[in-house]
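Here's the structure we're looking at; comments come further down.
The values are calculated or read from the model by the stated rules, or taken from the named source; none is laboratory data. Fair warning: this is a prediction, and the values are worked out from it, not measured in the lab. When we count neighbours, we look across all protein chains shown, and the Cβ atoms used for this are built from the backbone with ideal geometry, even at glycine. Side chains included, ligands, DNA and RNA excluded: accessible areas come from the protein's heavy atoms. Shrake-Rupley method; radii C 1.70, N 1.55, O 1.52, S 1.80 Å.
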Amino acid sequence: MRSPIITINPELPNRPRASVLVIYTGGTLGMVYEKGQLVPFDFSQIVDKLPEIKRLDFEVTFTSLDDILDSANMRPEVWLELAQTIAQYYDLYDSFVVLHGTDTMAYTASALSFLLQNLNKPVVFTGAQLPIGVARTDARENVITALEIAASQVQNCPRVPEVAIYFQNYLLRGNRAKKKETSQFNAFRSENYPPLAEVGVTIEYNEPYIAPYQPNRKLKHYNRLDTNVAIIKIFPGISQAVLRAMLQIDGLKGVVLETFGSGNAPTFPWFLAELKAAVARGLVIVNVSQCDGGRVTQGSYQTSTGLQKMGVLSGNDLTTEAAIAKLMFLFGNYPNEVIQRFGLPICGEMNA
Ligand code: ASP
């Protein structure tokens with residue numbers, strides 16, 4: 001991570017009311033067309049493209065990753081670098097905005113919510129569907145509103161002290177959000193948790209659903225993730241060979257099993273036997289629904305009772321993104337307590 005490079009001071013005569021550190025990681029927002037393809041460009045150009053920043057009544061400082069990424073290339077070591085950067089500058093800035101590609105933004109936001117616990121400052125992710133240089137871009141509104149939200153305070157305390165995603169009119173809890181749209185501007189939804197804010201002419205905060213600011217709460221920064229995990233999405237026709245090959249990957253410790261509906265899976269004897277053998281070998285298997293809304297309720301259908309009996313854990317109403325990040329976090333930091341801890345919410349990612 002580069003050290004902060006550009007600081008934009010407000011043109012207003014009064015003292016800035018807040019300071020925001022913007023961390024640019026890449027994504028469409030900062031891309032340009034080169035030979036007909038979108039490729040990331042140097043982030044310093046972002047400031048030229050967003051002169052509106054000068055009209056905000058708080059200070060904005062920009063920094064960036066050393067390597068600008070299409071978020072398809074995002075990986076856990078970069079999540080750790082991001083968390084480290086926020087922890088390092090935590091006392092120097094009032095809040096943080098992360099500019100990130102939309103493709104894997106929900107994974108990164110989920111991971112950061114686990115790596116930065118006891119947050120008392122906003123960490124707001126945003127990005128764009130169209131590059132900032134394009135006339136119809138959504139980047140301008142997304143970035144300016146994300147900055148406004150990050151800087152927003154009530155009685156000198158941050159209004160949204162949690163990891164969130166702001167995208168086209170909605171502020172969502174980061175570990176509840178999913179990318180749902182490839183072409184429309186409203187790219188993110190959170191089916192199982194209400195928006196933290198809705199944005200129109202005014203920004204309407206949904207106070208009861210926002211994690212409360214707690215004075216004296218000290219940031220707990222974690223710096224380990226274990227990536228020996230996998231997501232297995234079942235489908236009608238999945239073969240024993242495919243399931244077995246995945247469950248027997250060398251070193252694999254945890255699996256997010258994406259099941260049908262409220263947590264249902266085939267009851268073929270071979271299917272249950274493969275899973276049972278994996279659980280017996282010590283693999284932690286978590287049941288998450290392929291549906292975006294609602295929750296897994298193991299035992300409500302015969303097709304999930306077998307999973308429950310053999311010790312597959314219910315992922316309740318977790319998103320797949322949050323579930324895989326939670327497994328990496330727990331295996332990285334509490335390797336002997338993954339089963340006990342998985343069912344307990346850590347930072348608002350699920351209902352118990
Ligand atoms: N491929 C891009 C990315 O995630 C898409 C985007 O930013 O919207 O980095």
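The table below gives the values:
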| read-out | value |
| --- | --- |
| At R0 = 45 Å, FRET efficiency that the Cβ-Cβ distance of Val39 and Arg341 yields, to 0.05 | 0.65 |
| Proximal lysines to Lys309, defined as alpha-carbon separation beneath 21 angstrom and excluding residues fewer than eight positions away on the same chain | Lys233, Lys253, Lys276 |
| Signed unit charges on C-beta, dipole axis of region 269-352, positive-most listed residue Met328, Val296, Gln308 | Gln308 |
| Mean ellipticity per residue at 222 nm, deg cm²/dmol - from DSSP H runs of n ≥ 4 across the chain, formula -39500 (n - 2.57) | -7500 deg cm²/dmol |
| Tail beyond 16 Å, pair distance distribution of region 59-155 (Cα, percent) | 58 |
| Rounded to 5, percent antiparallel among DSSP beta bridges of region 68-189 | 55 |
| Rounded to 5, the percent of DSSP beta bridges in the chain classed as antiparallel | 40 |
| With at most 16 neighbouring Cβ atoms within 10 Å, loop trypsin sites (Lys or Arg not before Pro) (DSSP) excluded, longest segment of the chain | 36-135 |
| Cα convex hull volume per residue for the chain (Å³) | 147 |
| Spin-label model distance (nm) - Val242 vs Val134, 7 Å beyond Cα toward Cβ | 3.3 |
| log₁₀ of I(q)/I(0) at q = 0.10, 0.17 Å⁻¹ - region 201-285, Debye sum with one point per alpha carbon | -0.47, -0.76 |
| Segment Asn223-Glu198, length gained on full extension (0.36 nm per residue, minus Cα span) | 5.7 nm |
| Net lengthening on full extension, Asp57/Thr7 (0.36 nm per residue, minus Cα-Cα) | 16.7 nm |
| Surface share of carbon and sulfur [accessible, 1.4 angstrom probe, percent] for region 215-285 | 56 |
| Accessible area expressed per residue, the chain, with surrounding protein chains retained (probe 1.4 Å, Å²) | 44 |
| Those lysines that a straight Cα-Cα span of less than 16 Å connects to Lys218, excepting residues fewer than 8 apart in one chain | Lys121 |
| Protection proxy ranking of 89-99, 261-271 - average other beta-carbon atoms within 10 Å, highest first | 89-99, 261-271 |
